[in-house]
Structure formats: structure tokens, C-alpha cells
1. Within region 291-325, which residues are touching a strand residue (DSSP E or B) at 6+ places or on another chain (Cβ under 8 Å) and modelled with pLDDT under 95?
2. If you take just the strands (runs of 3 or more DSSP E) that sit entirely in region 189-307, which of them hold at least 1 residues that are out of contact with any helix residue (DSSP H, G or I) (no Cβ under 9 Å at 6 or more places or on another chain) and more than 22 Å from T165 (Cα to Cα)?
3. So how many residues does region 273-331 have that are farther than 30 Å from K244 by Cα, surrounded by 15 or more Cβ atoms within 10 Å (Cβ to Cβ) and of a type in the set (D, E, K, R)?
4. I need the full set of residues from region 22-42 which are touching a helix residue (DSSP H, G or I) at 6+ places or on another chain (Cβ under 6 Å) and crowded, with 19+ Cβ neighbours inside 10 Å, in order please.
5. Of everything in region 308-322, what is of a type outside the set (S, T, Y) and either without any contact (Cβ under 8 Å) to a residue 40 or more places away in the chain or out of contact with any helix residue (DSSP H, G or I) (no Cβ under 8 Å at 6 or more places or on another chain) (or both)? Give them in sequence order.
6. Among the listed residues A209, A275, identify the single one that is modelled with pLDDT of 90 or more and away from ligand 2 (no atom under 16 Å from the Cβ).
7. Looking at (1) within 13 Å of ligand 1 (Cβ to nearest atom); (2) among the aliphatic types (A, V, I, L, M); (3) under 25 Å from T264 (Cα atoms), which is the one condition that is false for I82?
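The values are calculated or read from the model by the stated rules, or taken from the named source; none is laboratory data. Note that the structure is a prediction, hence the values are computed from the model and not measured. Here the Cβ positions follow ideal geometry from the backbone for every residue, glycine too, while neighbour counts run over all protein chains shown.
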Amino acid sequence: MFVRNAWYVAAWAHEITRAPLARAILGEDVVLYRRDDGVAAALEDRCCHRHLPLSFGTVVGDNLRCGYHGFSFDASGACVDIPGQKQIPPQARVKSFPVVERWKWIWIFMGDPALADPAKIPDLWWADHPEWKLSRPAMVPLNCDYRLIADNVLDATHLAFVHATSIGGGGLTEVEPLVEVDDNCVRVSRWVLNQPPPPMYKKAGGFDANADRWAFVEFKPPFVSVNFAGCVDVGFGGPDGDLKASKRRVELVAISLPTPATATSCNYFFGFARAFAHDDPEVDRMFGEVMVDVFREDFVILEAQQKSMTARPDAPQVGTVNDRASFLARRMVDRLIEAERAS
Ligand code: FES
Ligand SMILES: [Fe+2]
């Protein structure tokens, strides 16, 4: 049901401390904590003794001690202490998962640990780069299939209806997108030239007239979507435009990482990186709060959609040309799942 041999986001790096954190990931219960040296660790959240979740326990040194009868487990999942007993049976252990801290997130590999190559962690460098400032909203748990989020992000026609008063408008939906696919990416690009900028960009960039606007999305399976969006003065946009030469420029990257918790729920990690007005508290508020409100407009839709789908899972859906990108994205994910099954 999920691609397992891939890195997913388990948590924001700042969420993982010396206090154990419980989180469902790909249908499994996981507990995360930091060892004495600050390195993050992830174990199955179920003690091998009487199955109390280890997240009820306490971190002592590098180990996690169960909150019931005090078994201690090291970061590899091996039991290293049983109170009142000298012998530790070899089967006294819990599963451990490879974790890597990168781009301000803790990445976890839920599949075959032998395939956990950190070089395969998606490159999201904007999240941790001096020229870009990341606004860091909290993680949002959502009651929907994680794939509904890529569907949403890849189909910008919803902007005109769901986000009419924030980032919608300005003729975005009238422009037919360019959809491209390669081995590991679905890319959707739209340029909207010489149109009124949407209300939020107008305010953030001080636009007083029409603007050239872009909206690109890249999806990389199984779960990463990155939106590249912004606008510049008329004449500086378009595929051959010189964005940096424009007097006004709003340029942002929205990173969207919905890690599946179960088949119908996910933990949604997202953030906005921007390459302008780093020191402007009003712009900080715009990306830390106003944009989060824009995303909330989607959350209502996604959860209602899931409820309706769960009620009638076999009800037919009608496809349109605008569904092409999400269709291709889903097919990419399905192929990876099939390949894992076959091996
Ligand atoms: S349930 Fe964990 S030590 Fe008994
Ligand atoms: Fe949206």
C-alpha cells in the first residue's frame, strides 16, 4: 500500500528531544528520541515484554527505558537491561529504523535497512540556505490519504475556488499548464503574463499594476511536492525573462511533505522558503501565519473529500485534462509499489 524503500519525514528536527515522541508512520507505531550525543534514534513503539508503547518510557543516556517494568533498549533496538535478571534473551529486542537529520527534518527509512542510502534523501536545499529564509509552520495531522495532497498541489485550478481571496485569481486557471515527466519527477509549469497579481503577492511585493506570474510544481515520488511561485514586473517574466532584474519580485518555494500515518491519515510537514524581505516581520507573518491560513483552506477540503471517499470507495470519478499531472504522479507511486512487491 506504501512505497517502503524511501526516506520519509518523521518529524521536524526541533520536535525530537530527550522526551520520547510517538508517531505513526506508514501504518507502524514509531518512537523517536535523541541519544546523549544529540543524534536522533527511532524504534518500534512497542516493548517486547508486555507491549506497552515505549513512548511511555524515559530516555536514560543513549537508551530508552520502558515505563512499565524497566527494560532498556539501545538505539539499535537491542534490550540491554532487564531489572532483576542477569541474562538477556537474544529475542529481547525491538525493531529500529535508520534516521538522518537533514534540511531541518528527521528522515526515516521504514523499508529494508540495507537500502537506506542517505544520498537518496530528497534535495530540499532551500530549507537550509543563507539566501532563503524558511518559515517553519508546525506539523499538521490530517485525516486524509497522503496522495490527496499531491493531487491538490498539482492541480492549480482549485486556486480560483478554494483560495479566491488569497492566492487565487489573476487568470492562473485560464492558462493551460505544461506537464512534463521524467524517470523520477512530474513537473507542471504555468506562466501568467501581464495580469493583476493576486492579493497576497500584491501586498508582499508592493505591486501597483499588472505583473508576470509563475506557478511551477514538481512532484517526486513517493510524497514530495515543491511549488515554485512568484511574480515580477511585467516584461521580466516568461521562460526567457530576467527575474532578478525586476524592481519588484516575490519569489517563494513551498515544500510539501505529507508522510503517510495510515491509509487515510497523514502527518503534513510543510514550509515556505523565500528569497526576498528576509528581515521584514510583516513578511514573516505573511509566510508564518497568512500562508498557513491559505493551506488551512485546503485542509477542510481534503478531509471532507476523504470522508466522502471512505463512505463510497467505489463511486466513480470523472477525469479532466487538469488531472493529468496527478494521474502521472500516482502512476509513478503505484509502479514503485509494484516493483517492491515483485522483488
Ligand atoms: S512492558 Fe516493557 S518492560 Fe514490561
Ligand atoms: Fe491549495
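1. Pass one, region 291-325, residues touching a strand residue (DSSP E or B) at 6+ places or on another chain (Cβ under 8 Å): 291, 295, 299, 302-303, 324-325.
If the condition is that a residue be touching a strand residue (DSSP E or B) at 6+ places or on another chain (Cβ under 8 Å) and modelled with pLDDT under 95, then M291, F295, R324 are the ones that fit.
2. Filter on region 189-307 gives 211-220, 249-262, 265-274.
3. 6
4. Result: V31, single match.
5. Listed by number, the residues that qualify are M309, A311, R312, P313, D314, A315, P316, Q317, V318, G319, V321.
6. None of the others qualify; the one that does is A209.
7. Here I82 meets the rest and fails (3).
Residue-wise test of (1) under 16 Å from V224 (Cβ atoms); (2) buried (at least 20 other Cβ atoms within 10 Å of the Cβ).
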{"residue": "W105", "(1), (2)": "yes, yes"}
{"residue": "A114", "(1), (2)": "no, no"}
{"residue": "P118", "(1), (2)": "yes, no"}
{"residue": "W125", "(1), (2)": "yes, no"}
{"residue": "S135", "(1), (2)": "no, yes"}
{"residue": "C144", "(1), (2)": "no, yes"}
{"residue": "L148", "(1), (2)": "yes, yes"}
